[in-house]
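Since the structure comes first, as structure tokens, the remarks are kept for the end.
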Amino acid sequence: MMATILDGKALSQKLQDSLKKEVARLKGEAGGVPHLVNVMIGKEPSACAYANSQKRVAEYIGISYDLETLPANITQKDLVAFVKKLDADASVHGVMLHKPVPAHIDYRAVGNQIDPSKDMEGVNVANIGKMILGDTKIIPCTPAAVMEHIHSTGVLLRGKEAVIVGHSEIVGKPLSMLLLAEYATVTVCHIATSEAGKLTEHIGWADVLIVAVGKPALVKGDWIKEGAVVIDVGINRVGDRIVGDVEFESAKRRASFITPVPGGVGPVTVVMLMRNGIEAFKLQKRIGF
Ligand code: NAD
């Protein structure tokens, strides 16, 4: 079997086109467009590259997007005050805190200060709680991008074995809830699964496998069940190349669908951020509720 490669750029374009139409419709209905603010601390080159791609996508969709760069030595107190100012500003509909933040900043504490209705990354505990209950459309961006890729295959999750490798707060944990909401049977593996020597066995069960670890070629192609859908979230720099967590060449001969790295999950993640911004705007304007 030779897998169909899931083209993240094409999926991203399709989703951008549909959001562009939605923004045009909202403009008529609400008399304005979402205004999103990305708060960045310091100027790290890879963070700047991601912010540039956010700006490009926002402009294409027709959303207003501002980048606020704060000094690298800003205190937690001043940062919270800055976020609170954005919360109180009715012209701002979405707020995000760009990662990584410097070590002296408590990311989670600041994320919890973002008004839940403006929290475009879905990091506020109120939104995480609502997501578990299936009560919000503001979903963490990377898990949302994974779900879009799975949906694009046409494979139904109901009753399927979905195995996630990686249980981080930004990817694995929220993703497990989204898969469960579609009635997949969900297994979440992590470092202790490997330590117990059980990773290969769990992966072998997967009809749908999602890997989000950050270790190049951790998952070998021959561990994968014939016909599985494989979504590789990992981003690893090896020399001058970027590779995922799955051994792509061998996995592609077993899977039915597989995402490449780069060009798989990444390009869709940024669109999910914009979709959250649009949902935040609708929430504040009471459109569709
Ligand atoms: P993390 O470091 O927070 O978590 C890593 C997870 O992998 C943990 O659950 C850990 O227990 C598990 N793990 C570590 N070693 C393991 C092993 N040998 N076997 C099994 N599990 C193991 O990572 P994260 O922030 O979730 O990111 C994971 C990867 O996804 C990174 O490569 C990151 O760059 C990438 N990422 C990509 C996107 C995107 O949009 N494409 C977004 C976020 C993260």
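The values are calculated or read from the model by the stated rules, or taken from the named source; none is laboratory data. Worth saying up front: this structure is predicted, and the values here are computed from it rather than measured. Ideal geometry is used to build each Cβ from the backbone, glycine not excepted, and the neighbour counts take in all protein chains shown. Side chains included, ligands, DNA and RNA excluded: accessible areas come from the protein's heavy atoms. Shrake-Rupley method; radii C 1.70, N 1.55, O 1.52, S 1.80 Å.
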Checklist outcome for this item: Filtering region 125-135 down to residues that are part of a loop (DSSP other than H, G, I, E, B) and either of a type in the set (A, V, I, L, M) or in contact with a strand residue (DSSP E or B) (Cβ under 7 Å, 6 or more places away or on another chain) (or both) yields Leu133
Checklist outcome for this item: Within region 142-195, the count of residues that are near the ligand (Cβ under 9 Å from one of its atoms) and open to solvent by 40 Å² or more (accessible area, probe 1.4 Å) comes to 11
Checklist entry - Is there any pair linking a residue in region 144-163 that is assigned to a helix (DSSP H, G or I) to one that is more than 16 Å from the ligand (Cβ to nearest atom) and hydrophobic (A, V, I, L, M, F, W, C), with Cβ under 6 Å and at least six apart or on different chains, and which? => result Thr153/Val229; Thr153/Phe257
Item to check | Filter result for Val83 (crowded, with 16+ Cβ neighbours inside 10 Å, part of a loop (DSSP other than H, G, I, E, B) and not aromatic (Phe, Trp, Tyr)) | outcome: no
Next on the checklist: Out of the residues in region 1-20 meeting the condition of being part of a loop (DSSP other than H, G, I, E, B), among the hydrophobic types (A, V, I, L, M, F, W, C) and open to solvent by 40 Å² or more (accessible area, probe 1.4 Å), tell me which one is modelled with the highest pLDDT.
Outcome noted: Met2
Checklist entry - When you go through Ala3, Ala51 one by one, which is the residue that is of a type in the set (A, V, I, L, M) and touching a Lys or Arg at 6+ places or on another chain (Cβ under 8 Å)? => result Ala3
Checklist outcome for this item: So, first residue in contact (Cβ under 8 Å) with a residue 60 or more places away in the chain and farther than 20 Å from His167 by Cα in region 212-230, second residue open to solvent by 20 Å² or more (accessible area, probe 1.4 Å) and more than 9 Å from the ligand (Cβ to nearest atom), Cβ within less than 7 Å, six or more apart or across chains; the pairs are Glu226/Met1; Glu226/Arg254; Gly227/Met1; Gly227/Ser256
Checklist entry - With Ser53, Ser117 as the choices, which residue is touching a His at 6+ places or on another chain (Cβ under 9 Å), part of a helix (DSSP H, G or I), open to solvent by less than 70 Å² (accessible area, probe 1.4 Å) and touching a residue at least 40 places away in the same chain (Cβ under 8 Å)? => result Ser117
Next on the checklist: Tell me the residue from Glu59, Glu68 that is among the acidic types (Asp, Glu) and open to solvent by 80 Å² or more (accessible area, probe 1.4 Å), please.
Outcome noted: Glu59
Checklist entry - Just checking, how many residues over region 238-251 are farther than 21 Å from His190 by Cα and within 23 Å of the chain's Cα centre (by Cα)? => result 3
Checklist entry - For region 250-278, how many residues meet the condition of being open to solvent by 20 Å² or more (accessible area, probe 1.4 Å), away from the ligand (no atom under 16 Å from the Cβ) and not small (Gly, Ala, Ser)? => result 4
Checklist entry - Restricting attention to region 209-218, and to residues there that are buried (at least 24 other Cβ atoms within 10 Å of the Cβ) and closer than 15 Å to Arg254 by Cβ, which single residue is farthest from the ligand (Cβ to nearest atom)? => result Leu209
Item to check | Residue among Val23, Val39 that is open to solvent by less than 40 Å² (accessible area, probe 1.4 Å) and either within 30 Å of Ala255 (Cβ to Cβ) or outside any helix (DSSP H, G or I) (or both) | outcome: Val39
Next on the checklist: Please verify whether Gly122 is on the phi > 0 side of the Ramachandran plot, within 16 Å of the ligand (Cβ to nearest atom) and either in contact with a strand residue (DSSP E or B) (Cβ under 8 Å, 6 or more places away or on another chain) or touching a residue at least 12 places away in the same chain (Cβ under 8 Å) (or both), treating the condition exactly as stated.
Outcome noted: yes
